[in-house]
1. More than 21 Å apart: what percent of Cα pairs in region A:148-236 qualify?
2. Quick query: amide H of C:SER95 versus all other amide H atoms, modeled in the peptide plane; which residues come in under 5 Å with a sequence gap of 5 or more or a different chain?
3. So which lysines pass the test for A:LYS181, namely a Cα distance under 20 Å, with those fewer than 8 places away in the same chain ruled out?
4. Going out from 0 in 10 Å bins, what whole percent of all Cα-Cα distances in region C:1-112 drops into each bin?
5. Quick check: the distance between the Cα centres of region B:1-36 and region B:85-158, to the nearest angstrom?
6. Does anyone have the angle between helix C:96-107 and the longest principal axis of chain C? Alpha-carbon axes, 0 to 90°, nearest 10?
7. Please check: in the Gaussian network model of chain B (C-alpha springs, under 10 Å), which one of B:HIS219, B:HIS42, B:HIS166 has the largest mean-square fluctuation.
8. Rg and Dmax in Å for region B:165-268, alpha carbons only: what are they?
Amino acid sequence: MSEASPAKAYALHLGVIALLFVLSFLLPEYYHGLLARIMVLAVFAMGYNMLFGYVGLLSLGHAMLFAAGLYGAGLAVIQLGWSVPLAFLGGIACGAVLALVIGLLALRTTGVAFMIVTMMFAQVFYLLILYFAAWTGGDQGMVVPQPARVLSFGTTSLELTNPTVRYLTALGLFSIVLLVKLAMVRSRYGRVLVAIRENEERTKMLGYDTFSNKLAAVVISGTICAASGAAYALLFGYVGSSFASVQYSILPLLWVLLGGAATTLGPLIGTLFMYYVIDITSGYTSAYLLIVGIALILLVLFFPKGILGSIRQRWLGWLP
Amino acid sequence: MHFGPHLLLAALEGLVTSAVLALTALGLSLVFGVMRVVNVAHGEFFMLGAVLAWAITTAIGGHPALGFLAALVIAPLIVGAIALVAERLVLRRLNYNPEATIVATIGMLYIIQQLALTFYGPEARPVEPPFSYRILLPWFGYSGYKLSVIATSALLLIATWLVLTHTRIGLVMRATQYDSETAQAFGIPVGRVYGGVFALGAMLAAIAAVLIVPISQAHYLMGQDPLLLSFIVVIIGGLGSLRGTVVAAVLIGLSDGIISMFFSPTLAKIIATLLVAMVLVFRPQGLFGTASR
Amino acid sequence: MMPLLTTKGLSRNFGGLRAIDNVDFALMPGEIRAVIGPNGAGKTTFVSLVSGRIQPSAGMIVFDGADITNLPAYVRVRRGIAYTFQLTSVYANLSVYANVALPAQLTLRHGSHSKSAIQAAVMSALERTGLADRAHMPAGQLSYGHQRLLEVAMGLALKPRLLILDEPTQGLADSEIDNFITLAREIAKNATVLLIEHNMPVVMQLADRITVFNAGKILAEGTPEAIRGNVAVQEAYLGTAP
């Protein structure tokens, strides 16, 4: 919350982006692909963090916003034959509209009721995907055909199936969202959101329409999550109902808790760390849900501020 | 079969669902009412009850009634003990913060589910009913065991109600529910009440599971539907209200049985979940409940 | 001169209890008005109705010639009614600066949007309340008295036309109370002040007029001298004061 050192913060974030760029040329193939996936999912986590970290609204239904982007973009390509950029925008629009509707309803509740309502709406969304299996592929999901996953600019075209193109596209999306979020956190709007988190009643009495501000945050969060979902469909070519299941509402919560709620880089660290833990433990056990479960409990018990949150508290007060 | 008998069959099946659901939801409702926390792992306690029932009946062998009765006593006790340990180790340290508790119980859900998969396996396994008497109605025969499930559940619900309204334990629980700080000031060991209530809630779910296992099989993912349905019942019935819980369970169980006979189960679930979410948004005190406090 | 604030037949029931019962009240621009009365007389309920934190059961509130009865609280704040909380509710985890920047950036939303304009407004409010040298401390680490002053600074940064202070001197040391009286007089140069206060010396020094509440109704109203000599008030309130 410090007012000082914007230069330091921007330098750190640009440094992280530069590091990820350099890694593209250094990493072996397996980790290269994994990191591309992690960056896309970190965008999902950043969207979640927007609401959970900054506004203090704990949603258990964000899988539906990710899936809205995933299916919006995927169906646009597969069923309607849209081009990649149009499908991407279409997916984002689906998420934004869904978030608006869900926000208008769910924000009438608070606390535990908000968590349950969002979970139920997400469940309805998930069941709808299964119910309309004729279009969505049901629980089998759909594969976005390789020839459709091409970005064309006049005569040149980029194939999103190419690992380097895929990595750099993911990095591009990640960087944009990261920098936008950094600017937003430091803006007046970011300050209002934090004020709502800290004390909503007081914020109302300072002249702020807290409902509209929260609704805007839900829509921004939904838009970012849908962008992640749309990118996932187009870059990795798979659209599946498991991404709409409860588990994918829990995972961003876990990533954000682990990395540090209300930190700009926490979502990336949390996603990266969780994938890393699962990667090294997969040699010993396939029980990856066990690790997720234990991690959730240990985090809320002993480490509620997450990795970056604790670092900020102890050493680096300026960390955004 | 004609429409009338068809409907009667659907209603009977619905009542069996209601009976089991009322017990499960009552556990969730008690925990919410007294402790003000939502236990997302409640469905996994249900599943544990069923899996343990299979393990116990298999280990004992002999006449099915013997194993079943043993399971009906032992499985809830084991589940209650597990819940008590989880409450002491996790929820108490979180100070029963509502949001942290939800996250922690989600963690428990994953742990229990994964352990069940590892040690019990992915198969669905049946448990033999304690008796296989069929009651012959003019149009069809009906399982006597299913009817006994309805009766057992009703007895347990009445017993719970009596304990809550007529005993010192019930008084202590209600006092804690009404105002835990004042209760503490009057010397009620609120921490122990919380532990007991959490264990009791889990045990109710486990009993419900043992009762249903001879009808539907034990499976490591079987906790998901009861959790969702219990949520629905508790929300419709009004959070923390025993009478509302029972009424809502009968309503949901019956309509679930009848609707799923005529509609696709997925569509039924979609409509039910959406309706309940709307109830929570527009009438958070439930359809039957009055605003608590 | 037209009153800045009037209420007509204002009532509020809590269950069967009439916390505010048919109150007609008028406040002239520029005055410092103290609201006093025994505990439970309805003082806080009354200002909560004016600020919009709770809705009236009946009656009407007019601010600056416009009916604001049905406006939500945040709109009333934007129209110039600022409320400082009885129990301190500053943002404990945010810096003192950020606490005041929130109201300041709202007030400046139509004017200059620059960071420096906000900074100037924040520092001005902090200097008036004597908190400027603590701007970068977390608000939660301030002493109780300073947190109360921060509440006032947040109210000031809203540049209100009507500033409602709910027991601002509660828990303050004597020296802090003297400073507060000076501050309140200075605030009153640009704003109308509605003050709920238990500390009678503060009331007598500051108030232009005093309104006495009892059992949800206005028992008496007048200058400090008139109230001091009012027998009914003495019976209801002053007589029971220690």
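What follows draws every value from the coordinates through simple rules; no lab data is involved. Because the structure is a prediction, the values reported are computed rather than measured. Virtual Cβ from ideal backbone geometry, glycine too; neighbours counted across all protein chains shown.
1. 49
2. C:ALA139
3. Within the straight-line cut-off, A:LYS181 pairs with A:LYS8, A:LYS214, A:LYS305, C:LYS115.
4. Pair shares across the bins are 12, 38, 33, 15, 1.
5. With region B:1-36 and region B:85-158 each reduced to a Cα centre, they are spaced 13 Å.
6. 70
7. Largest GNM mean-square fluctuation: B:HIS166.
8. Rg then Dmax for region B:165-268, in Å: 17.3, 55.
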